[in-house]
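*Asks:* Supplied in structure tokens, the structure appears directly below.
Please treat every number below as a calculation from the coordinates, not as lab data. For clarity, every value in this text was computed on a predicted model and none was experimentally measured. Every residue, glycine as well, gets a Cβ built from its backbone with ideal geometry; the counts of neighbours run over all protein chains shown.
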Amino acid sequence: MEKLYDCSLADAAIMHSDDSRIADTSLISKDLINKVEIKDEDKIYAKDASANTIGISLEDMKKHDSWYMVDGKQCYFKYKPNNMAILNELLCVELSKYLGVPTIEYRIATKQNKIVGLISENFLTHDYDCIKSIYAPRNLIRMIRKILTDYKFECDPITRKQITALILRNFYASLFDRIENSYYGIKNSKIIVPPTHDFESAFLDFTIDGSVDPLFSYTFTPESVKLLMDNNPYFADYVNALKEYNMLVAMSSVEEKYGVVFPNEFVEHYCNYDENKKEFMKTLGF
């Protein structure tokens, strides 16, 4: 039975996941490409051996029991028949690429040709250690702050650029659910920004002024913006890139890559969000 609540699209996404605008994935389905049909026989079951090859604990694998072997590669299936969550994820991948932030790549997940979520390749097994940000030691948190705010602090320029771009991406997209599922990498005692992921709660509240990521976090105020402007050699360039970001172009790119469609109400929502966020940025001194 179709349900429609008397509220905005953003409020429906937050409070009413059964609203047909959110739950009926046929609304965003057009001529799907870049998709994967989810099959039970491809499931990777939670065992010690499979957890070790994926690079997570058995406890975490059981908690998020949704791993599949697709085209010979370990993939995580995010069951999320939710239009806002799916489009948020795909748009944040576009935004990440635009800013040069490492990101996973999604494919549309279907069952019986119906969109049921997204699937992505495992990013936890690399030539570096991938560690949950909630376990980051305090000296690493202090080092991240120095990378961001002290141009005299020596570090790899690429790392400084990526971390600067990452906190601005999180801020612009208003990511606020990054506590448990964010990671950092360590190789030869140096920090690495691994492919970022999990953007389903983005683009909802433009007034959010920072990120709750345990490691890559920053709260933007007029004072903290000035601090970065004065002490981070890359900050101003990324701010200007955000000011020039074209949400309509990003939506068109997502439609072309995945064969999905943004319903008119979603187009209006994302364009309004973009306009409001950029106005909000002005109040903070951007």
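*Asks:* When the label point is put 7 Å from the Cα of ASP42 along its Cα-to-beta-carbon vector, which residues of the stretch 98-114 have a backbone N closer than 16 Å?
*Replies:* 105-114
*Asks:* On to the next question. Please report, ordered by residue number, every helix of the chain (full DSSP H runs) that is 18 Å or longer along its axis going by C-alpha atoms and whose mean Kyte-Doolittle hydropathy reaches 0.0.
*Replies:* Details: long enough: 83-99 (24 Å, 0.82); 157-173 (24 Å, 0.19); 264-283 (29 Å, -1.60).
For the chain, where a helix must reach 18 Å along its axis and average at least 0.0, the hits are 83-99, 157-173.
*Asks:* Then there's this: Would you mind working out the magnitude of the charge dipole of the chain relative to its Cα centre, with +1 at each Lys and Arg C-beta and -1 at each Asp and Glu C-beta, to the nearest 20 Debye? Could the numbers behind the result be given before it?
*Replies:* Working: 34 positive and 43 negative charges, 187 e Å.
Roughly 900 debye for the chain.
*Asks:* Oh, and also: For LYS114, give me every one of the lysines with a C-alpha distance below 17 angstrom, ignoring sequence neighbours fewer than eight places off in its own chain.
*Replies:* Qualifying lysines at Cα under 17 Å: LYS30, LYS35, LYS39, LYS78, LYS80.
*Asks:* Among 194-204, 275-285, 118-128, 85-95, how do they line up by average Cβ neighbours within 10 Å per residue, starting with the highest? If you can, show how the numbers build up before the last one.
*Replies:* Values: 194-204: 21.7, 275-285: 14.5, 118-128: 17.2, 85-95: 23.3.
Peptide ranking by packing, descending: 85-95, 194-204, 118-128, 275-285.
*Asks:* Sort the stretch 129-283 into rounded, prolate or oblate with this rule: let a ≥ b ≥ c be the square roots of the eigenvalues of the Cα gyration tensor; rounded if a/c is under 1.5, and if a/c is not under 1.5, prolate when a/b is larger than b/c, oblate otherwise. Show your work: numbers first, answer last.
*Replies:* Values: a/c = 1.98, a/b = 1.48, b/c = 1.34.
It comes out prolate by the Cα gyration axes.
*Asks:* Could I ask something else about it? Can you pull out the GluC sites (Glu not before Pro) in the stretch 1-68 that DSSP calls coil and that have at most 12 other Cβ atoms within 10 Å?
*Replies:* On the way: sites: GLU2, GLU37, GLU41, GLU59; in loops: GLU2.
Sites meeting the loop and neighbour criteria: GLU2.
*Asks:* Let's test the formula: R0 of 35 Å, r as the Cβ-Cβ distance of LYS111 and GLU154. What FRET efficiency results, to the nearest 0.05?
*Replies:* After rounding, the FRET efficiency stands at 0.10.
*Asks:* Going through the stretch 11-88, which chymotrypsin sites (Phe, Trp or Tyr not before Pro) have at most 15 other Cβ atoms within 10 Å and a DSSP loop state?
*Replies:* Details: sites: TYR45, TRP67, TYR68, TYR76, PHE77, TYR79; in loops: TYR45.
Passing both the DSSP loop test and the Cβ count: TYR45.
*Asks:* Given the Cα-Cα distance of TYR5 and SER26 and 0.36 nm per residue of separation, how much length would full extension add, in nm? Could you put the intermediate results ahead of the total?
*Replies:* Working: separation 21, 0.36 × 21 = 7.56 nm, distance 1.84 nm.
Roughly 5.7 nm would be gained on extension.
*Asks:* With a ≥ b ≥ c the root eigenvalues of the C-alpha gyration tensor of the chain, is it rounded (a/c under 1.5), prolate (a/b larger than b/c) or oblate? Working shown, then result.
*Replies:* Details: a/c = 2.01, a/b = 1.16, b/c = 1.73.
Because a/c hits 1.5 or more and a/b fails to exceed b/c, the chain counts as oblate.
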